[in-house]
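Each reported figure results from applying straightforward, stated rules to the coordinates on display, with no laboratory input. Quantities reported herein were computed from a predicted structural model and do not represent experimental measurements. Cβ sites come from the backbone with ideal geometry, for glycine too, and all protein chains shown count toward neighbours.
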Amino acid sequence: MLNYVKSNLVAQEKLIYLGRRSLVEYANPVGLAVMLIVMAGFGVHRLGFNNYSWFALAVAGVCLIQSWLRWKATEFAITSKRLIYKTGILSVATWEMQLSKANKLSLYQSVSGRILNFGTITVSDSGNDSCAFINMDNPVEFRQYYLAATDQQPEQKGT
């Protein structure tokens, strides 16, 4: 599966940082899948393969595939020219902002987010446009790359 951001860079634009959602977000469906696999294993051990075992394995497979697709479908990126948030595989939705227009970044991490290294970053411009990068893996690193990228932007001089 080709990376959306890398395949849509414009001339003389470089990818600085590419992030994804935290895997912590998928703990519930993956935990359910593991429980179903264990239950199917006990069922096979006691009764042999039956319809319940196959059903449990099928549901576990669906949970794992859905979690992987949702994780793979979301990208948070900083390029040399813009910020990009992309979600979706077949139908894609993107939010983009020129780095020169972004003027505020806020970071929120709960206690569990600090321990497990995930959080929400909100970027806004001087107008009303803003975007929240929710449950992002490694948000402090994203913020560091953002600050470094915006420091390299030429200052706009008033006329």
Work out, step by step, the length gained on full extension between Met39 and Thr87: first 0.36 nm times the residue separation, then minus their alpha carbon distance; give nm to one decimal.
13.9 nm
Once amide hydrogens are built 1.01 Å from N within the peptide plane, the residues lying 5 or more places from Lys81 or on another chain with amide H under 5 Å from its amide H are Lys14
Residue-averaged [θ]222 nm for the chain, counting only DSSP H segments that reach four residues, each worth -39500 (n - 2.57):
-13000 deg cm²/dmol
What pairs from Lys72/Lys101; Lys6/Lys104; Lys81/Lys101 go past 22 Å between their alpha carbons?
Lys72/Lys101; Lys6/Lys104
If the chain between Asn51 and Trp71 were fully stretched, how many nm would it gain, using 0.36 nm times the residue separation less the Cα-Cα distance?
4.2 nm
In nm, the gap between the two label points placed 7 Å beyond Cα toward Cβ at Thr122 and Ile16 is 2.2 nm
For the chain the translational diffusion coefficient, Stokes-Einstein from a Kirkwood Rh over Cα pairs at 4 °C and viscosity 1.567 mPa s, in µm²/s, is roughly 72 µm²/s
Fraction in percent of alpha-carbon pairs per bin - 5 Å, the stretch 61-140
3, 14, 21, 21, 20, 13, 6, 2, 1, 0
Residue separation between Ser106 and Leu147 times 0.36 nm, minus their alpha-carbon distance, gives in nm 13.6 nm
Just how far, in whole angstrom, is the stretch 122-145 from the stretch 62-107 if you go by their alpha carbon centroids?
10 Å
